[in-house]
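Engineer: Starting off with a structure, shown below.
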Ligand code: ADP
């Protein structure tokens, strides 16, 4: 389970990286689509015209590659579905079990037993898992990890709290900056992708931390609107909530 975990985490980081790279690359190559043609038009030197054509062709190919990489990464984002928070919590606990040291006490508590969410199940699972694994890593001497779900008005609030080392002000300020990490083997992409997932569903992620006492992450997501039921009593897709 741990290897599978590392793999999905790495994939998530990679696709984030690929999206950023291909987006920038596409913009950087933009002048290559225009300038060589201009040079060729304004020059009488056949050798220069030929070189300009070669550069233009490279530019077109590079631009095309960046374009298809970008649409691949964006298209690979999975579709949204409706699911129970209880199932999500259960899956997170199963995946977490293998990475849970003996001296870390894990508690899973769902205060709204029937709570549901709308979004990509796997992505949200990955997000909660990231938060839980960060929490475990923040408790080298053991402690308590809580995964709590509750309803607050029109929002489902998912909390991951630990009794670990906490964070100083400087770390708190840079937490969601890509590649910011205080770990020798960290990627600094876990929280960035978490926030991307949560905000993509119209939610927010907030953090409260006290050095030496612990850290709490709150993920707030909108309660799904009531689905229309058809004559078979089956819930149909909720319009306007897809990606
Ligand atoms: P990574 O885990 O690869 O470092 P993240 O984006 O998940 O990347 O986290 C960035 C940084 O935020 C971590 O390196 C760590 O310093 C800090 N951090 C995240 N979660 C916690 C936590 N629960 N307790 C203390 N520090 C944390």
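The values are calculated or read from the model by the stated rules, or taken from the named source; none is laboratory data. Note that the coordinates shown come from a computational prediction; the quantities given were computed from them, not determined experimentally. So basically every Cβ, Gly included, is an ideal-geometry build from the backbone, and we count neighbours across all protein chains shown.
Engineer: Condition check: buried (at least 18 other Cβ atoms within 10 Å of the Cβ) and either under 28 Å from residue 146 (Cβ atoms) or at pLDDT 90 or above (or both). Does residue 53 satisfy that?
Structural biologist: no
Engineer: Do we have any residue at all in the stretch 131-150 that's part of a loop (DSSP other than H, G, I, E, B), within 15 Å of the ligand (Cβ to nearest atom) and at pLDDT below 95?
Structural biologist: Looking for residues that are part of a loop (DSSP other than H, G, I, E, B), within 15 Å of the ligand (Cβ to nearest atom) and at pLDDT below 95, one finds none in the stretch 131-150, hence no.
Engineer: Hey, residue 80 hits all of (1) modelled with pLDDT under 90; (2) surrounded by 14 or more Cβ atoms within 10 Å (Cβ to Cβ); (3) over 30 Å from residue 114 (Cα atoms) but one; which does it fall short on?
Structural biologist: So residue 80 meets the others, but not (3).
Engineer: Within the stretch 153-191, can you find the residues that are closer than 30 Å to residue 225 by Cα, within 6 Å of the ligand (Cβ to nearest atom) and either part of a loop (DSSP other than H, G, I, E, B) or modelled with pLDDT under 90 (or both)?
Structural biologist: Within the stretch 153-191, 190 is the sole residue that qualifies.
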